[in-house]
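J.: Here it is, the structure in full.
The values are calculated or read from the model by the stated rules, or taken from the named source; none is laboratory data. Given the structure is predicted, the values throughout are model-derived calculations rather than measurements. FYI the Cβ positions are ideal-geometry reconstructions off the backbone, even for glycines, and counts take in every protein chain you see.
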Amino acid sequence: MYKGVAELALLSVVKESEEYGLRILELLRDEAGLEIAEGTLYPLLYRLEKQGSIRSEWRILDEASHPRKYYAITAQGKAELKAYLDDWQTMTVTFNRFLNRGNK
Amino acid sequence: MNARQKDEPISAWLNNLEQALGSLPADDSLDILAEAKEHIDERVGMGISPFEVLAGFGSAHAYAQGFVDEYLLTRARSSRRTIPMLRTVIRFAQRSVVAAFGLICATISGFFGLWSLVCIAIKIFRPDLVGLWLDLPLSEQHRYVHSQRDFVPLSFGHDHIVFGFQNPPPQFPEHLGMWIYPCLAGIAFLSYFALRASLLAALKRIQLPAGFRPCLKVFPKP
């Protein structure tokens, strides 16, 4: 049921702004309510980068003491995000209708 | 906890990770190590214990496995070459039902391909032993006297119809003659096509093991 949820949430995060791993993890945990571990996140980022959905770049910002790897969405990633979103909307609408069938 | 006590488990974990990532290209491996180190340093800098941070990554070997698996799958998918694809499917066959099924289909296809090539080779040197023999009509008792079972069966059919290599050859008419060459070549080509299609389909559908696939719980927001 949750297949693709991590991809959907992750692409949604990097679509808004370019982020680094730890910040993505915090956003997914704190704002999306997903309990996702480092051991899951980084291989997933690697996979999405290999398949061309996101790209990465090492940067040194003034606020950080060391370089961070920032991720950004690609055009292919945007198209995939749209497809994931459409699937998600369809699934949630259908499922809500199913759950509320007795309330009518 | 002093600085040395903090650094020791982190250094050990990173060393293990470096070894476990040995099969990746150097650039990828260095990138993954640098990113993990950066993440750990930042979390430890926030006051979280190294053991707690490392627990989020899991064992170095399990963590590395996710990257290695992904790299192998991506490389095999993009290469589209038969041998690397076959190697990758074999590697995943123990952990993935899709890979195991793909490997079975590829093996069957490979057997037919090899069989047709062996038959072509035998036909060149012993034309009388390879062919399509039909004992017609099918409704009547067959005239074929079964020889001893071959150690490696190279023919299909029984009694009325025999196709492939048979020694001694059946005592009823052979129908294909020299047309057996294009027939066998066609079977070899189709088998190779089926083998590649099985491998490609398996590689496309392989889901990485549960240890790597996102395993999520959705919690209500407080």
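J.: Please give the number of the condition B:S29 fails out of (1) among the small types (G, A, S); (2) surrounded by 14 or more Cβ atoms within 10 Å (Cβ to Cβ); (3) within 9 Å of chain A (Cβ to nearest Cβ); (4) under 22 Å from A:Y70 (Cβ atoms).
T.: Single failed check for B:S29: (3).
J.: Let me ask something else. Within the stretch A:65-81, work out how many residues are within 20 Å of B:L30 (Cα to Cα) and assigned to a loop (DSSP other than H, G, I, E, B).
T.: Matching residues across the stretch A:65-81 total 3.
J.: In addition: A:I36 passes all but one of (1) in a helix (DSSP H, G or I); (2) crowded, with 20+ Cβ neighbours inside 10 Å; (3) of a type in the set (A, V, I, L, M, F, W, C); which number fails?
T.: All conditions are met except number (1).
J.: Which one is surrounded by the fewest Cβ atoms within 10 Å (Cβ to Cβ) among residues in the stretch A:64-94 that are closer than 30 Å to B:G45 by Cα and aromatic (F, W, Y)? It would help to see each step written out before you state the result.
T.: Of the stretch A:64-94, the ones closer than 30 Å to B:G45 by Cα are A:64-73.
Add one more test, that the residue is aromatic (F, W, Y), and what stays is A:70-71.
Details: A:Y70: 19, A:Y71: 23.
Once the filter is applied, the top-ranked residue is A:Y70.
J.: So which of A:R59, A:R68 ends up being under 16 Å from A:R23 (Cβ atoms) and in contact (Cβ under 8 Å) with a residue 40 or more places away in the chain?
T.: Values: A:R59 fails: in contact (Cβ under 8 Å) with a residue 40 or more places away in the chain.
It is A:R68.
J.: Let me ask another. Kindly check whether there is at least one residue in the stretch A:15-34 that is under 11 Å from the mean Cα position of the chain (by Cα), closer than 18 Å to B:T74 by Cβ and not small (G, A, S).
T.: no
Residue-wise test of (1) within 14 Å of chain A (Cβ to nearest Cβ); (2) under 27 Å from B:A185 (Cα atoms); (3) over 9 Å from the mean Cα position of the chain (by Cα); (4) not acidic (D, E).
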| position | (1), (2), (3), (4) |
| --- | --- |
| B:Y63 | yes, no, yes, yes |
| B:T82 | no, yes, yes, yes |
| B:A99 | no, no, no, yes |
| B:L103 | no, yes, no, yes |
| B:A106 | no, yes, no, yes |
| B:F111 | no, yes, yes, yes |
| B:I122 | no, yes, yes, yes |
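J.: Here's something else I'd like to know. Just for the stretch B:67-80: of the residues that are farther than 29 Å from B:G186 by Cβ and in contact (Cβ under 8 Å) with a residue 12 or more places away in the chain, which one is surrounded by the most Cβ atoms within 10 Å (Cβ to Cβ)? Full working, then the answer.
T.: Our first condition is that a residue be farther than 29 Å from B:G186 by Cβ; within the stretch B:67-80, this holds for B:67-75, B:78.
From what is left, the residues that are in contact (Cβ under 8 Å) with a residue 12 or more places away in the chain are B:67-73, B:75.
On the way: B:F67: 24, B:V68: 19, B:D69: 22, B:E70: 22, B:Y71: 19, B:L72: 18, B:L73: 22, B:R75: 15.
Taking the candidates together, the pick is B:F67.
J.: Among the residues of the stretch A:47-54, are any over 26 Å from B:V68 (Cα atoms), more than 7 Å from chain B (Cβ to nearest Cβ), not in a helix (DSSP H, G or I) and not aromatic (F, W, Y)? Don't jump to the end; show me each part of the working.
T.: Just the residues of the stretch A:47-54 that are over 26 Å from B:V68 (Cα atoms), to begin with: none.
Looking for residues that are over 26 Å from B:V68 (Cα atoms), more than 7 Å from chain B (Cβ to nearest Cβ), not in a helix (DSSP H, G or I) and not aromatic (F, W, Y), one finds none in the stretch A:47-54, hence no.
J.: Considering only the stretch B:43-127, give the helices (runs of 4 or more DSSP H) lying wholly within it that have at least 2 residues that are charged (D, E, K, R) and not assigned by TED's automatic domain parsing to the domain that holds B:L24. Full working, then the answer.
T.: On the way: elements: B:50-57, B:60-79, B:82-93, B:97-125.
Because the criterion is at least 2 residues that are charged (D, E, K, R) and not assigned by TED's automatic domain parsing to the domain that holds B:L24, the helices (runs of 4 or more DSSP H) in the stretch B:43-127 that meet it are B:82-93.
J.: Do you know which of the residues in the stretch B:32-44 that are of a type outside the set (A, V, I, L, M, F, W, C) and at the interface with chain A (Cβ under 8 Å from one of its Cβ atoms) is nearest to B:D7 (Cα to Cα)?
T.: Step one: of the stretch B:32-44, the residues of a type outside the set (A, V, I, L, M, F, W, C) are B:35, B:37-39, B:41-43.
Imposing the further condition that a residue be at the interface with chain A (Cβ under 8 Å from one of its Cβ atoms) reduces the set to B:35, B:38-39, B:41-43.
Working: B:E35: 17, B:E38: 13, B:H39: 14, B:D41: 10, B:E42: 13, B:R43: 13 Å.
Only one residue fits best here, namely B:D41.
J.: List the residue pairs whose Cβ atoms are under 7 Å apart, where the first residue sits in the stretch B:169-182 and is more than 9 Å from B:L132 (Cβ to Cβ), the second is in a loop (DSSP other than H, G, I, E, B) and of a type in the set (K, R), and the two are 6 or more positions apart or on different chains.
T.: Close Cβ pairs satisfying both conditions: B:Q171/B:R143; B:F172/B:R143.
J.: Is the stretch B:69-76 home to any residue that is at the interface with chain A (Cβ under 7 Å from one of its Cβ atoms) and either touching a strand residue (DSSP E or B) at 6+ places or on another chain (Cβ under 7 Å) or of a type in the set (F, W, Y) (or both)? I'd like the intermediate steps shown before the answer.
T.: So in the stretch B:69-76, the residues at the interface with chain A (Cβ under 7 Å from one of its Cβ atoms) come out as B:70, B:74.
So of that shortlist, the ones also either touching a strand residue (DSSP E or B) at 6+ places or on another chain (Cβ under 7 Å) or of a type in the set (F, W, Y) (or both) come out as none.
Looking through the stretch B:69-76, none of the residues is at the interface with chain A (Cβ under 7 Å from one of its Cβ atoms) and either touching a strand residue (DSSP E or B) at 6+ places or on another chain (Cβ under 7 Å) or of a type in the set (F, W, Y) (or both).
J.: Give the residues of the stretch B:43-102 that are among the aliphatic types (A, V, I, L, M), out of contact with any helix residue (DSSP H, G or I) (no Cβ under 7 Å at 6 or more places or on another chain) and farther than 22 Å from A:G21 by Cβ, sorted by residue number.
T.: Correct list: B:I83, B:V97.
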